[in-house]
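Student: Please find one structure pasted underneath; my questions will follow.
The values are calculated or read from the model by the stated rules, or taken from the named source; none is laboratory data. These numbers come from a predicted model, not from an experiment. Here the Cβ positions follow ideal geometry from the backbone for every residue, glycine too, while neighbour counts run over all protein chains shown. For accessibility, only protein heavy atoms count, side chains too; no ligands or nucleic acids. Shrake-Rupley method; radii C 1.70, N 1.55, O 1.52, S 1.80 Å.
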Amino acid sequence: MAHHPIKQALVTGGTRGIGEGIARALAQAGYQVTACGLTQDELDRFSPQDSVTTALLDVTNAASVDAVLKDFTSLDVLVNCAGIIQRAGKEFEIDGFRTTIEVNLNGTMRMCLAAQPLLAKAKGSIINTASMLSFFGSAYAPGYAASKGAVAQLTKSLAAAWATDGIRVNAIAPGWIATDLTQPLQDDAARTAAIMARTPLNRWGTPDDLGGVVTFLASDAARFITGTVLPVDGGYLTV
Ligand code: NAD
């Protein structure tokens, strides 16, 4: 009988928020998951789950990336979910702008490059994290919007470049999801009302809303899908 090794998945930003929802869904679907977080405190808060191990990872640091990947012999799924947004004008200063680009865009590319040989071996796939702000601008977070627009274009470019290696590259574009990152918006009644007025499904999304979508994109059911940026937004982009 053919031997089927357990499929391996790695999720950056995988110990809280959207990434945590994705990590738990992939484990549920039968993957062995490495869920990465930036700080020990974040790892300590992660409730243990079968088939999920946690690891420290800073996607802006090449040594940290190498340290996490060195234990893998092949990789079936890379989910790039690490990301930041800086409000209160920080992204209108060049250092703040640069930091957001460094995490969201360069960090995603650093992970893709480092994992490419492992993914080629497994004929695996990458799922990046885009945003509504891949499609339109932000008056508050120009670095975030620029980084997420670029993540969408990076996704299409790597899909084209790595198809011959058997690697599919897709992205999810979450709408407004209730996590730490959007806590200031959830706390702002006027902003929440404006968001809900434009969301046909009329609620905040949850990390669970993304888990099944990523599991699908990683699966054989999506074997002819590459280079897509899939909105998961309760219909926000339709109106
Ligand atoms: P979150 O703040 O809860 O999670 C962010 C994660 O990124 C954390 O796990 C954190 O440790 C990790 N991270 C931050 N800097 C890092 C670094 N330098 N190296 C490694 N990991 C780092 O936020 P979230 O809402 O769960 O966001 C996850 C992703 O989804 C982000 O890319 C975000 O831009 C994107 N997104 C979120 C929303 C939303 O509404 N919440 C919408 C669209 C896209």
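Student: Given a 1.4 Å probe and every protein chain left where it sits, what share in percent of the accessible area of the chain is carbon and sulfur? If you can, show how the numbers build up before the last one.
Tutor: On the way: 6430 of 11380 Å².
Accessible surface attributable to carbon and sulfur in the chain totals 57 percent.
Student: Another question, if that's okay. Where the only charges are on Cβ atoms (+1 Lys, Arg; -1 Asp, Glu), what is the dipole of the chain about its Cα centre, to the nearest 20 debye? Present the calculation step by step, with values, prior to reporting the outcome.
Tutor: Values: 18 positive and 21 negative charges, 128 e Å.
Here the chain has a charge dipole of around 620 debye.
Student: Compute the normalised compactness of the stretch 84-216: alpha-carbon radius of gyration over 2.2 N^0.38 Å, N being the residue count. Let's see the in-between values first.
Tutor: Working: Rg = 16.2 Å, N = 133, 2.2 N^0.38 = 14.1 Å.
For the stretch 84-216, the normalised Cα radius of gyration comes out at 1.15.
Student: Could you work out how far apart the two model spin labels at Ala221 and Asp165 are, taking each label as a point 7 Å from the Cα in the direction of the beta carbon, and quote it in nm?
Tutor: 2.7 nm
Student: Scattering from the C-alpha atoms of the stretch 171-233 alone, worked out with Debye: what is log10 I(q)/I(0) at q = 0.17, 0.23 1/Å?
Tutor: Once normalised to I(0) and log-transformed, intensities are -0.65, -0.95.
Student: In debye to the nearest 20, how big a dipole does the stretch 2-103 give about its Cα centre with +1 on each Lys and Arg Cβ and -1 on each Asp and Glu Cβ?
Tutor: Values: 8 positive and 13 negative charges, 50 e Å.
Dipole size: approximately 240 debye.
Student: Show which lysines lie in cross-link reach of Lys90 when reach means a straight Cα distance below 27 angstrom and same-chain residues fewer than eight apart are skipped.
Tutor: Within the straight-line limit of under 27 Å, Lys90 reaches these lysines: Lys148.
Student: For the stretch 25-162, what percent of Cα pairs sit more than 19 Å apart? It would help to have the intermediate numbers written out before the result.
Tutor: On the way: 5190 of 9453 pairs.
Cα-Cα pairs of the stretch 25-162 separated by over 19 Å account for 55 percent.
Student: To test your reading of the geometry: what angle, between 0 and 90 degrees and rounded to tens, separates the Cα axis of helix 107-122 from the longest principal axis of the chain?
Tutor: 30 degrees
Student: Also, I was wondering about something else. So for the pair Ala189, Ile6, with labels modelled 7 Å out along Cα→Cβ, what separation do we get in nm?
Tutor: My value for the distance between the label points is 4.9 nm.
Student: Of all alpha-carbon pairs in the stretch 91-158, indicate the percentage at a distance above 15 angstrom. Working shown, then result.
Tutor: Numbers: 1217 of 2278 pairs.
Tail of P(r) above 15 Å: 53 percent of Cα pairs.
Student: Another question, if that's okay. Please quote Rg/Rh for the stretch 70-114 to two decimal places, taking the Kirkwood radius as Rh and restricting both calculations to Cα atoms.
Tutor: On the way: Rg = 13.7 Å, Rh = 12.0 Å.
Using Cα coordinates only, the ratio equals 1.14.
Student: Roughly how many Å² is the accessible area per residue of the stretch 91-239, as a whole number, for a 1.4 Å probe? Display every interim value, and only then the final one.
Tutor: Values: 6820 Å² over 149 residues.
Here the per-residue accessible area is 46 Å².
Student: Sticking with this one: Give the lysines whose C-alpha is closer than 21 Å to that of Lys70, dropping any in the same chain fewer than 8 places away, or say none.
Tutor: Hits, sequence-local ones excluded: Lys7, Lys121, Lys123.
Student: Placing one identical point scatterer on every Cα of the chain and ignoring solvent, what is log10 I(q)/I(0) from the Debye formula at q = 0.12, 0.14, 0.15 Å⁻¹?
Tutor: Result of the Debye calculation: -0.64, -0.88, -1.01.
Student: Specify the longest stretch of the chain that does not include any exposed loop site, a site being one of the chymotrypsin sites (Phe, Trp or Tyr not before Pro) with a non-H, G, I, E, B DSSP assignment and at most 10 other Cβ atoms within 10 Å.
Tutor: Values: sites that count: Phe136, Phe224.
With chymotrypsin sites (Phe, Trp or Tyr not before Pro) excluded where exposed in loops, the chain gives 1-135 as its longest stretch.
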